[in-house]
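Below is one structure, written out as structure tokens; the observations come after it.
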Amino acid sequence: MLSIVFKMLMNITGRGIIMSNTEFTNIEIHKIFDVQDDAVLHVEDIAVLVNMHVESVRRWCRTGKLPSYNFGNKYIVLGSDFKEFMRIAKVKPRWEQMLNG
């Protein structure tokens, strides 16, 4: 599933720009999103971090935008998957998009 996510830069609205795997690792995220890779995050935790409604985070999990594990309608997300989601969701300035093609 992550390979599909790696191939498409998806922002929260679902629009995408094709990028290579190496471009994702070069994108830096803000330090407030820098959680431990092995951390187990609940949708409530993520909702607080991104200042979004809990149901929005659940929807991202349900649709596969945010890689997660589902246990009886309870979703958990690994810290490494959350950080990758935030890298993918980061909007690049238009001038940078034009320079990189």
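Annotations
- Candidate set: segment 35-54, residues that are assigned to a loop (DSSP other than H, G, I, E, B) and not hydrophobic (A, V, I, L, M, F, W, C); chosen: the one modelled with the highest pLDDT: His53
- Any hit, segment 70-80, residues being among the hydroxyl-bearing types (Ser, Thr, Tyr), part of a helix (DSSP H, G or I), more than 30 Å from Asn100 (Cα to Cα) and modelled with pLDDT of 95 or more: no
The values are calculated or read from the model by the stated rules, or taken from the named source; none is laboratory data. These numbers were taken from a predicted model, which means no experiment stands behind them.
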